[in-house]
Protein chains: 2
Amino acid sequence: MTGAESILQTAAAAGVKICFANPGTTELDFVGALDKVPQIRPVLGLFEGVCTGAADGYGRITEKPALTLLHLGPGFANGIANLHNARRGRTPILNLIGEHTTWLRPHDPHLNMDIASLAGTVSDWHREISAAETASSDTAEALAASLYGQVATLIVPADHQSAAPPTETISQVDFSFQSPDEDVLAHAVTMIGEAKRPALILGHRALRREGLAAAAQIQAKTDCALLMTTFPAYFDAGAGLPILQRIPYFPGQARKLLARYDAFLMAGASEPSAFFGYAGGITSYLPDKAPCLRLDTRRQNTAVVLEELSSLLGPDVGPAELHRLLSQCAVPDLPAGPLNARNMCQAIAALQPEGCIVVEEGISSGASSYDYVSCLKPYCQLTLTGGAIGMGMPLALGAALAAPDRRVIDIQADGSAMYTLQALWSQAREKTNVVTVICSNRKYFTIELESLRAGNTAPGKAAKSLLTLDQPALDWVNLSRGMGVPATSVNTTEAFIRAFRAALAEPGPYLIEVVLE
Amino acid sequence: MTGAESILQTAAAAGVKICFANPGTTELDFVGALDKVPQIRPVLGLFEGVCTGAADGYGRITEKPALTLLHLGPGFANGIANLHNARRGRTPILNLIGEHTTWLRPHDPHLNMDIASLAGTVSDWHREISAAETASSDTAEALAASLYGQVATLIVPADHQSAAPPTETISQVDFSFQSPDEDVLAHAVTMIGEAKRPALILGHRALRREGLAAAAQIQAKTDCALLMTTFPAYFDAGAGLPILQRIPYFPGQARKLLARYDAFLMAGASEPSAFFGYAGGITSYLPDKAPCLRLDTRRQNTAVVLEELSSLLGPDVGPAELHRLLSQCAVPDLPAGPLNARNMCQAIAALQPEGCIVVEEGISSGASSYDYVSCLKPYCQLTLTGGAIGMGMPLALGAALAAPDRRVIDIQADGSAMYTLQALWSQAREKTNVVTVICSNRKYFTIELESLRAGNTAPGKAAKSLLTLDQPALDWVNLSRGMGVPATSVNTTEAFIRAFRAALAEPGPYLIEVVLE
């Protein structure tokens, strides 16, 4: 038994099943240990952002941590952007970072970096292992931290990986949710009673089936509005769920929506505020002086908190009464006409199978996918939680490995896709059921839009060169095939419908480049 | 005039000519300002690692800082690995990072991160601008710091970018090298006199033409050996220069070489030590008790220090006497036989044009390129300074933009190439004269080798899956064409010679996938 094996054994005992890895020389003991801990499946990513994004996707579907295995500071740095998204989305992840042998570090070898400082920027919990003896207990502690919806990071010097720990590995992780706070819930009941138009803002775990069921009861009992955060990590969608209004991205629209309400209860969500600091100075989206209350903490199970609140508000309403509040299935027709983002999203909505997982990193092009949230057969959707682009293709990889029997559809902006396109290779290697729809508008359209909004209505040559992705146009069919994923390009709505249908009918990954008008 | 313009004007006045950029909403004022400061050419990279690697390549060729323009914490994080290489190679770079508007930051918007902590890990100098008023002076200070061979980073909140600074921009950067330290040089003279077999270890600026000329004189006067660091940022190579022995990568070989000498003077180099902490515990490569002395500091010009040392050692020897120490031109024949890494490197050496720039990130496959350092027509070579893979293709982009009239040849490992393959698109867009030679061995061969060395002689299925890049094999012709760079694949030595010759004869970028035996 080595320190590395001790860590993997502890993780396996806690139910960890997968490790997204890009190891190097300082992780060789982990590589060897993976042969001895067959409960954990290693998945190679050809860039660390693929590993961390895949761990995020896996964690969003299973609510269990995946491991990542990353090489020193530079390897971890390459994974930071997608860990930022995971941290914002409260995905459980345990990163294992190999570190130089302790006795070499004072000599500042070439690859030496301040890993702890890097780790601190995206980890809710991080620690460097100080000896093989504590490898198991450190791992158990890290896993427990992750299960609260946190990114945990263990830095493991190579000599502690190879040393033999004298103690047994820990087979149980000490983790449990705290009970709901009765005072907070009592206050919430009062707030709802006093408000004329209360709203419940739901995020994170509140957007899973159990949380939504409790929210529907609260709505039935109080007539409060149900809102959802703009960029949740995961939400259950489709017919039979309460109808939620998504808080808009732009401050003006968001303020306008929220101005309708006079009290806000938040579950799995913090106070909604602006994405960027636009001229005009909007920070919070809530109306001034409207009371707001956070119902839960990270250490509580949001669904249980909502159920408890619901029970304080009176006995549950029956199915018939509830039914009028819940969404009905009304799949849209197949679109006709120009191949624009709207028609593309409508076609996806019309054809997506029940139980599918939609990854939405379409940025500007994916916006109208939210129009169909309530009217389709049950599915779930994952969004860009932290704004760090390059999430979609890795996330789809991880989600597909978490749910091999489900279809994953990745609505993927072209500019964002370029950040982590290496994920396609892992999709091919692991034979994942992912259909990637590249929204090829050949520009950073959102930034162009933001530039216009900021008043730069006549960008010059220099500015334009930084916002466009043409000259040369990316050829996504070649890029995809280069990594082993079959692909086609379409430029009419009819061709897209045909290609998307065909892709859904075949197992394994497929990519469709949608050349948008 | 805005804060952003003030920064760019200051940089332009200091001679900055290029900005490798991937901006977002928090950098829109910089985007607009680039239209108003035409002296600075914006070059778009589709991933930040491309931008930072290109800035490294540009800086290595020109010894002047390029700008990077990066989006918030996640964008900067994506650029860290190649900034680590730049820092290790002492390349001057000035990073500009857009930061959230100051008044929004307390609300912790989605993309908010601790940028200063990230910046600190790879920057020799970093600061957040506190007002538009100081934008120009902060920039001048950052540029001066960079000119000492340092990575400098300015974090610029969006509101300070758009605010109007009342003062004039600074048009002169306060930068000069310190004089050599006479005490250190006197000590060096004594050391050389007392040693039986002294060695001069050259790195960084000592490996440019002027430093090498001084080193040759020192060798002629003292009969000292000339060694070079294993992974220098840049070295002038080819006939007419002194013959240097490169310190080997593996500790055993390095210790063996250095055991021949009994005193070490280091110029542009610190004490050579192990890359990784292998069993056996080797840290420093120098023989025990051998005296060693660093001749220069970062604030001194290493070439001037060497010239000064040379003059203390006596009058210069004449050209005839010097000639016997300098290398002679002896271009190797074109190879025949199997297409392995050795023959590939020999063919490149045989065909590379005078004045070319060789970027070497071949890892295991590029090793024998160093066999030809002394015998070719004059050229220069850039290596993987910090061990963070994914350097080569961005570096080649930056080097080609720094020297548009020269040929850049990138000897590029396939595993490393996948890290930042987006650089090919910028190579195509900017029409750079880069020939990329992909060494396609379809594995992480170095890690496999290190694994063997560590005693794991029979890796199991899990371990093997993490070290191989086949299943599916990457198709570099498709990947390259997908980004607009024409390409071909070869699997015989004859075909490689033909393709490489043809690529050198045409302007613009080209990629050759060399499928190695």
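The values are calculated or read from the model by the stated rules, or taken from the named source; none is laboratory data. None of the values given here were measured: they were computed from a predicted structure. Positions of Cβ are backbone-derived with ideal geometry, glycine not excepted, and every protein chain shown enters the neighbour counts. SASA here: full protein model, heavy atoms, side chains in, ligands and nucleic acids out. Shrake-Rupley method; radii C 1.70, N 1.55, O 1.52, S 1.80 Å.
Could you work out what % of the accessible surface of chain A is carbon and sulfur, using a 1.4 angstrom probe and leaving DNA, RNA and ligands out of the count? Could the numbers behind the result be given before it?
Working: 8660 of 17130 Å².
For chain A, the apolar C and S fraction of the accessible surface comes to 51 percent.
How charged is the neighbourhood of A:L474? Take every other residue with its Cβ under 10 Å from the Cβ of A:L474, and add Lys/Arg as +1 and Asp/Glu as -1.
Numbers: positive: A:R442; negative: A:D414, A:D470, A:D475, A:E513.
The answer is -3.
If you take every residue apart from B:A396 with its C-beta less than 12 Å away from the C-beta of B:A396, what net charge results, scoring Lys and Arg +1 and Asp and Glu -1? Please list the in-between numbers first.
Details: positive: B:R60, B:R406, B:R407; negative: B:D56, B:E360, B:E361, B:D410, B:E430.
Result for the local shell: -2.
Measuring from a point 7 Å out along Cα→Cβ, what nm distances, shortest first, does A:E321 have to its partners in the other copies?
10.7
With N set to the residue count of segment B:410-480, report its C-alpha Rg divided by 2.2 N^0.38 Å to two decimal places.
On the way: Rg = 14.9 Å, N = 71, 2.2 N^0.38 = 11.1 Å.
Cα-based Rg divided by the globular estimate yields 1.34.
Suppose a student asked you for the relative contact order of chain B, using Cα pairs under 8 Å spaced at least 6 residues apart; what percent would you report? All intermediate terms of the calculation are to be shown ahead of the outcome.
Values: 1171 pairs, mean separation 74.0, N = 517.
Taking the mean separation of contacting Cα pairs over the length of chain B, I get 14 percent.
Using only the Cα atoms of segment B:196-303, what semi-axes does the equivalent ellipsoid have when each is the square root of 5 times a gyration tensor eigenvalue? Give whole Å, largest first. The partial results should precede the final answer.
Details: eigenvalues 100, 45, 35 Å².
Those come to 22, 15, 13 Å.
Pop a pseudo-label 7 angstrom from the Cα along the beta-carbon direction at both A:T457 and B:R299 and give the gap in nm to one decimal.
Label at A:T457, label at B:R299, 5.3 nm between them.
List the chymotrypsin sites (Phe, Trp or Tyr not before Pro) within segment B:248-315 that fall in a DSSP loop (any state other than H, G, I, E or B) and whose Cβ has at most 14 other Cβ atoms within 10 Å.
Working: sites: B:Y249, B:Y261, B:F264, B:F275, B:F276, B:Y278, B:Y285; in loops: B:Y249, B:Y261, B:F275, B:F276, B:Y278, B:Y285.
Those satisfying the criteria are B:Y249.
Based on alpha-carbon positions alone, could you give the equivalent ellipsoid semi-axes of chain A from the gyration tensor, as √(5λ), descending, whole Å? Mind dumping the intermediate values first?
Details: eigenvalues 264, 193, 99 Å².
Here the semi-axes work out to 36, 31, 22 Å.
What accessible area, summed over both chains, is buried at the A-B interface (1.4 Å probe, Å², nearest 100)? Before the final figure, lay out the partial values.
Working: alone 20870 and 20880 Å², together 34290 Å².
Looking at A and B, the buried total is near 7500 Å².
For the pairs A:K64/A:K196; A:K221/A:K256; B:K17/B:K377; A:K461/B:K64, note any where the Cα-Cα span goes beyond 28 Å.
Numbers: A:K64/A:K196 40 Å; A:K221/A:K256 26 Å; B:K17/B:K377 30 Å; A:K461/B:K64 25 Å.
Exceeds cut-off: A:K64/A:K196; B:K17/B:K377.
Any idea what the A:S270 label distances to the other copies are, label 7 Å down the Cα→Cβ vector, nm, shortest first?
Between copies, matching label points for A:S270 lie 3.7 nm apart.
Rounded to the nearest Å, what's the spacing between the alpha carbon centres of segment A:225-288 and segment B:312-340? Just the number, please.
Comparing the Cα centres of segment A:225-288 and segment B:312-340, I get a distance of 70 Å.
Which positions within segment B:115-156 get 10 Å² or more of their accessible surface covered by the other protein chains, compared to the chain by itself, with a 1.4 angstrom probe?
Residues losing area: B:S117, B:L118, B:T121.
Give the value in nm², to one decimal: projected area of the alpha carbon convex hull of segment B:277-388, averaged over all directions. Spell out each step's value before the answer.
Working: hull surface 46.8 nm².
If you wrap the Cα atoms of segment B:277-388 in a convex hull and average its projections, you get 11.7 nm².
With just the Cα atoms defining each centre, how far is segment A:41-76 from segment A:471-503? Give it in Å.
Using only Cα atoms to place each centre, the spacing works out to 27 Å.
With no solvent and one equal point scatterer placed on each C-alpha of the protein assembly as shown, evaluate the Debye formula and give log10 I(q)/I(0) for q = 0.05, 0.07, 0.08 Å⁻¹, two decimals.
Debye intensities relative to I(0), on a log10 scale: -0.31, -0.61, -0.80.
Can you pull the three principal axis extents for the Cα set of segment B:149-246, in Å, largest first?
Between the extreme Cα coordinates on each principal axis of segment B:149-246 lie 64, 33, 20 Å.
Defining the label point at 7 Å along Cα→Cβ, can you sort the distances from B:E194 to the same site in each other copy, shortest first, in nm?
Here B:E194 shows inter-copy label distances of 8.4 nm.
How much accessible area does A:I447 have with a 1.4 Å probe, in Å² rounded to the nearest 10?
20 Å²
Across peptide B:477-489, what mean number of C-beta atoms from other chains lies inside 10 Å of a residue's C-beta?
Details: counts 3, 10, 8, 3, 7, 14, 9, 6, 1, 0, 2, 0, 0.
Whole-number average of other-chain Cβ neighbours for B:477-489 is 5.
Keeping every protein chain present and rolling a 1.4 Å probe, give me the accessible area per residue for the protein assembly as shown in Å².
Details: 34290 Å² over 1034 residues.
Each residue of the protein assembly as shown exposes 33 Å² on average to a 1.4 Å probe.
With runs of 4+ DSSP H residues as the only contributors, calculate the mean residue ellipticity of the protein assembly as shown at 222 nm using -39,500 (n - 2.57) per run, divided by the residue total and rounded to the nearest 500. Before the final figure, lay out the partial values.
Details: 40 runs with 392 residues, N = 1034.
Computed ellipticity for the protein assembly as shown at 222 nm equals -11000 deg cm²/dmol.
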